[in-house]
Amino acid sequence: MEKVLSEKSLDELQRSLVGTVVRPADDEYDKARRGFNALIDRRPAVIARCVGSADVAVAFDFARVHKLEVAVRGGGHNPAGHCVCDGGLVIDLSLMRTVDVNEDARIAHADGGATWLDFDSATQAFGLVTPGGVVVSTGVVGLSLGGGIGHLTAQYGLTCDHIIGAELVTPDGAVIHANADENADLLWGLRGGGGNFGVVIRAEFRLHPLEQVVGGHLVYRGTGVREALLRYRDALTRSPRDLSCQVALAMDESLVPILEIVPCYTGSDTDPEELRMLRSAPGLIEDTVRVHTFLEQQRVIDSSYGVNRHYWKGHFVRELPDELLDELLKRLPALGRPPGGIMIESLHGAPKDTDVPPGAVGFRHAAFNVSVMAVWQDPALDAEQINWARETAAAVEPWSFSGGGYVNYMQADEPVERVRATFGAETFDRLQKLKQRYDPHNILRRNQNIPPSL
Ligand SMILES: Cc1cc2nc3c(=O)[nH]c(=O)nc-3n(C[C@H](O)[C@H](O)[C@H](O)COP(=O)(O)OP(=O)(O)OC[C@H]3O[C@@H](n4cnc5c(N)ncnc54)[C@H](O)[C@@H]3O)c2cc1C
């Protein structure tokens, strides 16, 4: 719904903010309203580029007075386009990107709009790291709130498990702290429950010492792809603690299957068995795996922003049997074209190292995350591409871990039942109680929503 605000009210908002207001008439408006997914084309009534908690409280207040829907923008990468809304107000955190590191305590404080490039550059200056996302332009807080799977998941666990504190502004303008001593239940909810409870102004993360890794990528083509995929599954099913690994399956321009494996090894073995197994698989056409810095590893995967249309759908799975892999290979030729395709992330190792779950995230005991990623440019192909992603994901469902998907990758059309299944009924109920406490009117609903009540 198009909503036009008077210049007078926008002037008032600007006067109340330390940050800046971007109006529909401004030159930068079009860039500021775009997100990662070009399928999402929304026109907010105003974008408030906030600086600090007082600005965020002002923005919430303005939205309430003018009856505007609210969206929150961190790194702008959510494939559902949750960072922008039609006719509403965007709380844009892109001016808030400072990351401070306490080397001795091994803790980093990241502002709500910091990206992984901001974070990794700051922490690697001290030889420290938090397991984060694999594309450096993604938002640190946005990714962490949904879980966080990346190059160091097997070694250190999920990103959200590393959040040890946060400062939030809730929709009523209150500033709340969450840590082990204060609002510990909210801290639990932030570890997986997404942006449902407030705008995170700053978050505190635990760090580990790490500078170098063995990483890069291995690319296979043609008939060897199946064997390489089976070896990937077998290598990771042994749960090597010092090897995280994800893969992307697609068809190349000649419609021949290709498999990209992206390992990240941090152990002391100069020739680790799992990497040997992968490197000797048939069909290997490219091998860039070598010792390099963690910052270089974070550059192995890149993704263009705002250019392509995306529709992602997937399932966490209990296992990756041959039958499922064959099903994926069978469905791939239809529309699995780079940069889209089918991505598989392993969840072995550290995510499972916990008796009492430290957070709400519901997928840590799954074996893999299988995501079908339709990526295209021509709007005329929307229906076809979306159907391919849906149908291929449906074929994965019989192996689903919980019936839920990864909130960080879900589109906006997922029903609340699927979000609930992602967490499990008990955890979802607990999250709803938190929602009732911190956002009883569901102002923060442009997300994988946890409504205060069903
Ligand atoms: C190219 C690409 C690569 C990715 N790689 C990974 C990966 O390696 N691992 C992984 O786990 N996920 C990955 N993701 C998924 C990503 O983590 C989620 O989409 C996440 O929501 C993106 O956060 P953002 O801040 O960049 O996005 P935005 O679209 O800006 O924000 C998404 C939502 O997160 C919430 N949010 C963001 N910041 C805040 C804040 N400060 N306070 C409160 N709520 C906030 C809001 O609800 C917001 O609407 C990737 C996505 C893309 C597009």
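The values are calculated or read from the model by the stated rules, or taken from the named source; none is laboratory data. A quick note: this is a predicted structure, and the numbers were derived from the prediction, not measured. Don't worry about glycine lacking a Cβ; one is built from the backbone with ideal geometry, like all the others, and counts go over all protein chains shown. To get the accessible areas, we keep the full protein, side chains included, count just its heavy atoms, and leave off ligands, DNA and RNA. Shrake-Rupley method; radii C 1.70, N 1.55, O 1.52, S 1.80 Å.
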Share of alpha-carbon pairs per 10 Å distance bin for the chain, given as whole %: 4, 22, 32, 26, 12, 3, 0
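Using square roots of five times the C-alpha gyration tensor eigenvalues, list the equivalent-ellipsoid semi-axes of the range 265-329 in whole Å, biggest first.
Gyration-tensor ellipsoid for the range 265-329: 26, 22, 13 Å.
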Most positive-pole-ward Cα, VAL169, ILE450, ALA235, against dipole of the chain from beta carbon charges: ILE450
Residue-wise HN-Hα coupling along the range 147-158, computed from phi with Karplus coefficients 6.51, -1.76, 1.60 (Hz; x: Gly, Pro): x, x, 10, x, 5, 10, 5, 5, 6, 10, x, 7
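Label the range 55-185 by shape, choosing from rounded, prolate and oblate, from the square roots a ≥ b ≥ c of the eigenvalues of the Cα gyration tensor; if a/c is under 1.5 it is rounded, and otherwise prolate applies when a/b is larger than b/c, oblate when it is not. Intermediate values should be presented prior to the final figure.
Details: a/c = 2.07, a/b = 1.59, b/c = 1.31.
Here the range 55-185 falls in the prolate category.
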³J(HN,Hα) computed for each position of the range 52-60 - Karplus, 6.51 cos²θ - 1.76 cosθ + 1.60, integer Hz, glycine/proline x: x, 5, 5, 4, 5, 5, 4, 4, 4
Selection from VAL101, ALA248, GLY194, by position along the positive dipole direction of the chain (Cβ): GLY194
Calculated from backbone phi, Karplus (6.51, -1.76, 1.60) coupling profile of the range 361-371 in Hz, x at Gly/Pro: 3, x, 10, 4, 8, 6, 8, 9, 10, 10, 10
Contact order normalised by residue count of the chain, Cα under 8 Å, 6+ apart, percent: 16 percent
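Using 1/(1 + (r/R0)^6) with R0 = 45 angstrom and r between the beta carbons of THR223 and HIS177, what's the FRET efficiency to the nearest 0.05?
Values: r = 57 Å, r/R0 = 1.26.
The calculated FRET efficiency here is 0.20.
How large is the translational diffusion coefficient of the range 229-276 in µm² per second when you combine the Kirkwood radius over alpha carbon pairs with Stokes-Einstein at 37 °C and 0.692 mPa s? Let's see the in-between values first.
Numbers: Rh = 11.9 Å.
Stokes-Einstein gives a translational diffusion coefficient of 276 µm²/s.
Does the range 212-357 come out rounded, prolate or oblate, given a ≥ b ≥ c as the square roots of the eigenvalues of its C-alpha gyration tensor, rounded meaning a/c under 1.5 and, failing that, prolate meaning a/b above b/c?
Numbers: a/c = 1.36, a/b = 1.28, b/c = 1.06.
Since a/c stays below 1.5, the shape of the range 212-357 is classed as rounded.
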For PHE126, solvent-accessible area (1.4 Å; no DNA, RNA or ligand), Å²: 90 Å²
Hydrodynamic radius of the range 197-237 per Kirkwood, over alpha carbon pairs, in Å: 14.8 Å
Degrees separating the helix 7-16 axis from the principal Cα axis of the chain, which is the longest one: 80 degrees
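Arrange the residues LYS330, LYS67 by how much accessible surface each exposes, largest first, with a 1.4 angstrom probe. Write down the numbers at each step before the final one.
Working: LYS330 140, LYS67 170 Å².
Putting LYS330, LYS67 in descending order of accessible area: LYS67, LYS330.
What is the extension gain from ASP104 to GLU417, computed as 0.36 nm multiplied by their sequence separation minus the C-alpha to C-alpha distance, in nm to one decimal? Write down the numbers at each step before the final one.
Values: separation 313, 0.36 × 313 = 112.68 nm, distance 4.40 nm.
That pair, ASP104 and GLU417, stretches by 108.3 nm at full extension.
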Sum of -39500 (n - 2.57) over DSSP H runs of 4+, divided by residues of the chain (222 nm, nearest 500): -8500 deg cm²/dmol
The range 39-98: C-alpha gyration tensor shape, a/c 1.5 cut-off, then a/b vs b/c: oblate
ILE285, ILE164, ILE91, ranked by accessible area, largest first (probe 1.4 Å): ILE285, ILE164, ILE91
Label-point gap, in nm, between LYS3 and ASP86 - each point 7 angstrom along Cα→Cβ: 1.4 nm
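Within the set LYS67/LYS313; LYS67/LYS433; LYS3/LYS313; LYS8/LYS435; LYS330/LYS352; LYS31/LYS435, which residue pairs have Cα atoms separated by over 27 Å?
Beyond 27 Å between Cα atoms: LYS67/LYS313; LYS3/LYS313; LYS8/LYS435; LYS330/LYS352; LYS31/LYS435.
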Accessible area of CYS85 in the full protein assembly, 1.4 Å probe (Å², nearest 10): 0 Å²
Accessible area, probe 1.4 Å, largest first, for residues HIS177, HIS441, HIS348: HIS441, HIS177, HIS348
Per-q log10 I(q)/I(0), the range 175-259, q = 0.20 Å⁻¹ (Debye; single scatterer per alpha-carbon; no solvent): -0.93
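Given a Förster distance of 22 Å, report the FRET efficiency between GLN14 and LYS67 from their Cβ-Cβ distance, rounded to the nearest 0.05. Walk me through the intermediate numbers first.
Values: r = 20 Å, r/R0 = 0.89.
Step by step, r from the Cβ atoms, then E = 0.65.
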Cα Rg, Dmax, the range 1-124, angstrom units: 15.4, 51
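Among the DSSP beta bridges whose two residues both lie in the chain, what percent are antiparallel, rounded to the nearest 5?
90 percent
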